[in-house]
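Here the structure is laid out as structure tokens; the discussion comes afterwards.
The values are calculated or read from the model by the stated rules, or taken from the named source; none is laboratory data. For clarity, every value in this text was computed on a predicted model and none was experimentally measured. So basically every Cβ, Gly included, is an ideal-geometry build from the backbone, and we count neighbours across all protein chains shown.
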Amino acid sequence: MVIRSDVMPGRAEAGPILPADLGPPAIAAGRQSLELATRYLTGLQDARGWWQGELETNVTMDAEDLLLREFLGIRTDEETAAAARWIASRQRADGTWANFHDGPADLSTTVEAYVALRLAGHQPEAGHMSQAASWIRGRGGVEATRVFTRIWLALFGEWPWAELPVMPPEMIYFPSWFPLNVYDWACWARQTIVPLTVVCSLRPIRRLPFSLPELRAETQPGGGGGPSSRSAPADPWRAVFRGLDKALHGYDRYVRRLAPVGKARAAALRRCADWIIARQERDGCWGGIQPPWVYSLIALHLLGYGLDHPVIKRGLAGLDRFTIVEDGPDGPVRRLEACQSPVWDTALAMVALADAGVPPDDPALVSAARWLLAEEIRGPGDWQVRRPALPPSGWAFEFDNDGYPDVDDTAEVLLALRRVALPPDSGHDQAAAVARGLAWMTGMQSRDGGWAAFDADNTSRLVTRLPFCDFGEVIDPPSADVTAHTVEALCAEGLGSSTAVRRGVTWLLRAQEADGSWFGRWGANYVYGTGAVVPALIAAGVLPGKPPIRRAVSWLISHQNADGGWGEDLRSYDEPAWSGRGVSTASQTAWALLALIAAGGQDAMQAADRGVAWLTSTQRADGGWDEPQFTGTGFPGDFYINYHLYRVVFPVSALGRYLRAAA
């Protein structure tokens, strides 16, 4: 067995080098660890049946919340001070802010955090502010920030609206077959783009009580050279879309000459408002995520919806559910979650407890199953644009996101429900719900045989070329992790020989990387993708001895850390040298173990022994694990998440399957 002891520059060792031959002691320790972790996980369940761990992101959520409240005129001193304490606590020694734990500094995040602290009264002469401003100028200043950051600055007169890319609200009229229609964007992007077309067409300015000359590149000789000034590789499409943007600017200038607003523009703005309002959820959110939420509130407010209008009131009140307030050494600390994941967390927790040997009629599993069954989505959604004849079903990620069920959550829910035995008088038709979910999930298969998260065949790359789209994924193509979870769920229901599964397996085999791993779209990164795909392929009947499986095993073994665990830094999305490399974490070690245990074989199980030993040696006394690292992915390369429950549910699953295999 090959044990890698080399580390990336700046990477710390997570523990001692463990012997390769652990044998029965690892099994005994694993059993004790599993019992402790199972009690801990069960204790985290809400009395209503669900689990929900915090989704920790970066400080742009908190900065933009303060900017939203400033724009609407509802920012309070108490909220501002509490949010500023959190933002300031995340600043690093060099004056910057990053997008994930121990990650590189990010220019746009640092600019937004700086502006939020200015709102809280932090003066530019203060040491931590001066240091941040100097770093910003040295990286190109606000001129080099992403489009979304410059939109926030434009709202307050700190960036010219005319220098932003144009997205006209008239695009709301484009039919679904027309290029660049709103349904060519992924669901999270279209819900953001539509309100932004309103905001950017109305071009409001509400001045801050200060200006920001200290963040301009030209204020420091030799500054500049930020991302926007770097020469890009030759791309014929780039010139095409630069021309398109120039034409849209011309169209926008023409529309603005009409007094006061042309009839076509006014009608388009009304259509956008109707589109936005139709997609507000019961709790006041849009899509259950922050970006469309804040821009929808701003857009509707600009269109005349007052703060006392029910839509606006419901939207602002809904933000409270996403707000976490804790006591800090200097006063309350306030932060926002970008999203919440109770359905996902609950399904993963149920699978974990079942893997740990909890009986299917256990009260914890029964109450969770009842809650999940009540969360099935039976109404229409944007996914019907591509699948109009498919009967609705499925599960979403959040408490309230009834317009956007997703395939990944649906697959995990189906895997969880089959591990539970509801009593006959439960009041739920579990079999009917499972049948509906299976039919919907299968029907969301894309033409190429894979599955994406929210839409089928959402693969038009034209929208990715627009100058407006310089941040995050804006389309939703099939991915290895979602396809793997779907294949696994279908196989668990006895559909392993179905055409859908065979096409899915073919897609997965084609998607394997040359080194034997799989890319992870929604988790970091190749460890996540490989940890999802190998169990799915085994469930679908691919023999453990086949080359794709053994190549995946070899990749995992070669990337096992000297301490026995696995880790992968989020920089692997941008820098291939980080692939499978990083400080060992509980969640990523568990993902590797799930693949190795499914594949089997002496080499895989020896590596699994060492991985289990790492888990047992790093477990806390209460049964959980510490994991400050971010191992979840929102947008590869741009936005990441620390799912606080990942550090528990995946180790419980891995330990349970390990002990079953050892038996």
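For this structure, a couple of remarks:
- Any hit, the range 358-371, residues being hydrophobic (A, V, I, L, M, F, W, C) and under 22 Å from the mean Cα position of the chain (by Cα): no
- Selection of the range 303-335 for residues being exposed (fewer than 14 other Cβ atoms within 10 Å of the Cβ) and in a strand (DSSP E or B) yields Ile324, Glu326, Asp327, Gly328, Gly331.
- A residue that is modelled with pLDDT of 95 or more and surrounded by fewer than 19 Cβ atoms within 10 Å (Cβ to Cβ) occurs nowhere in the range 281-300.
- Within the range 263-275, residues that are surrounded by fewer than 19 Cβ atoms within 10 Å (Cβ to Cβ) have Cβ atoms under 9 Å from residues that are of a type in the set (Phe, Trp, Tyr) in these pairs: Ala267/Tyr173; Arg271/Tyr173, counting only partners at least 6 apart in sequence or on another chain.
The rows are residues; the columns are (1) in contact (Cβ under 8 Å) with a residue 60 or more places away in the chain; (2) closer than 21 Å to Tyr643 by Cα.
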| position | (1), (2) |
| --- | --- |
| Ala598 | yes, no |
| Met605 | no, no |
| Ser617 | yes, no |
| Arg620 | no, yes |
| Gly624 | yes, yes |
| Gln629 | yes, yes |
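- Qualifying residue in the range 551-574 (condition: more than 28 Å from the chain's Cα centre (by Cα), assigned to a helix (DSSP H, G or I) and within 21 Å of Cys491 (Cβ to Cβ)): no
- Lone qualifier among Leu509, Leu490 - being in a helix (DSSP H, G or I), surrounded by 18 or more Cβ atoms within 10 Å (Cβ to Cβ) and modelled with pLDDT of 95 or more: Leu490
- Flag not set for Gly637, criterion: modelled with pLDDT of 95 or more and within 27 Å of the chain's Cα centre (by Cα).
- Residue match in the range 92-106 (condition: of a type in the set (Val, Ile, Thr), assigned by TED's automatic domain parsing to the domain that holds Arg207, out of contact with any strand residue (DSSP E or B) (no Cβ under 7 Å at 6 or more places or on another chain) and touching a residue at least 12 places away in the same chain (Cβ under 8 Å)): no
- Pick from the range 400-427, criterion assigned to a loop (DSSP other than H, G, I, E, B) and either polar (S, T, N, Q) or closer than 20 Å to Ala189 by Cα (or both), ranking: modelled with the lowest pLDDT: Ser426
- Among the residues making up the range 523-537, none is in the same structural domain as Trp566 (by TED's automatic domain parsing) and either assigned to a loop (DSSP other than H, G, I, E, B) or farther than 17 Å from Ala598 by Cα (or both).
- Of residues in the range 560-580 being buried (at least 23 other Cβ atoms within 10 Å of the Cβ) and out of contact with any helix residue (DSSP H, G or I) (no Cβ under 7 Å at 6 or more places or on another chain), the one farthest from Asn642 (Cα to Cα): Asn561
- Checking Leu655, Leu645 one by one, the residue that is surrounded by 22 or more Cβ atoms within 10 Å (Cβ to Cβ), in the same structural domain as Thr38 (by TED's automatic domain parsing) and within 29 Å of Thr109 (Cβ to Cβ) is Leu645 and no other.
- Residue match in the range 360-378 (condition: assigned to a loop (DSSP other than H, G, I, E, B), of a type in the set (Asp, Glu), in contact with a Pro (Cβ under 9 Å, 6 or more places away or on another chain) and more than 24 Å from Gln191 (Cα to Cα)): yes
- Options Asp470, Asp481: the member that is acidic (Asp, Glu), within 22 Å of Pro636 (Cβ to Cβ) and in a loop (DSSP other than H, G, I, E, B): Asp470
- Residues of the range 440-463 that turn out to be at pLDDT 95 or above, surrounded by 19 or more Cβ atoms within 10 Å (Cβ to Cβ) and either part of a helix (DSSP H, G or I) or assigned by TED's automatic domain parsing to the domain that holds Arg190 (or both), as a count: 3
- Residues in the range 121-141 that are closer than 21 Å to Ala83 by Cβ, crowded, with 19+ Cβ neighbours inside 10 Å and in contact with a helix residue (DSSP H, G or I) (Cβ under 6 Å, 6 or more places away or on another chain): Ala132, Ala133, Ile136.
- Filtered residues of the range 145-199 (kept if hydrophobic (A, V, I, L, M, F, W, C) and not in a helix (DSSP H, G or I)): Phe156, Trp159, Leu164, Val166, Met167, Phe174, Trp177, Phe178, Leu180, Trp185, Ala186
- For the range 452-469, a residue qualifies if it is within 13 Å of Trp188 (Cα to Cα) and not hydrophobic (A, V, I, L, M, F, W, C), and the qualifying residues are Asp455, Asn458.
- Test: residue in the range 464-472 that is buried (at least 19 other Cβ atoms within 10 Å of the Cβ), at negative phi and at pLDDT 95 or above: no
- For the residues Asp574, Asp563, Asp481, the requirement of being among the acidic types (Asp, Glu), in contact with a Phe, Trp or Tyr (Cβ under 9 Å, 6 or more places away or on another chain) and within 29 Å of Phe148 (Cα to Cα) singles out Asp481.
- Checklist (1) surrounded by fewer than 22 Cβ atoms within 10 Å (Cβ to Cβ); (2) more than 26 Å from Trp451 (Cα to Cα); (3) within 21 Å of the chain's Cα centre (by Cα) applied to Ala338, failing item: (2)
- Flag for Arg90 being closer than 21 Å to Glu56 by Cα, surrounded by fewer than 23 Cβ atoms within 10 Å (Cβ to Cβ), within 25 Å of the chain's Cα centre (by Cα) and not polar (S, T, N, Q): yes
- Residues in the range 71-87 that are in a helix (DSSP H, G or I) and among the aliphatic types (A, V, I, L, M) were compared, and the one that is nearest to the chain's Cα centre (by Cα) is Ile87.
- The residues on offer are Trp383, Trp395, and the sole one that is crowded, with 24+ Cβ neighbours inside 10 Å and over 30 Å from Ala654 (Cα atoms) is Trp383.
- Qualifying residue in the range 474-482 (condition: outside the structural domain of Thr192 (by TED's automatic domain parsing), of a type in the set (Asp, Glu) and out of contact with any Asp or Glu (no Cβ under 8 Å at 6 or more places or on another chain)): no
- Every condition in (1) at pLDDT 95 or above; (2) among the hydroxyl-bearing types (Ser, Thr, Tyr); (3) not in a loop (DSSP other than H, G, I, E, B) is met by Tyr251 except one, and the failing one is (1).
- Matching entry among Leu68, Leu34 (being in a helix (DSSP H, G or I) and surrounded by fewer than 23 Cβ atoms within 10 Å (Cβ to Cβ)): Leu68
- Residue match in the range 329-347 (condition: among the acidic types (Asp, Glu), in contact (Cβ under 8 Å) with a residue 60 or more places away in the chain and within 29 Å of Ile597 (Cα to Cα)): yes
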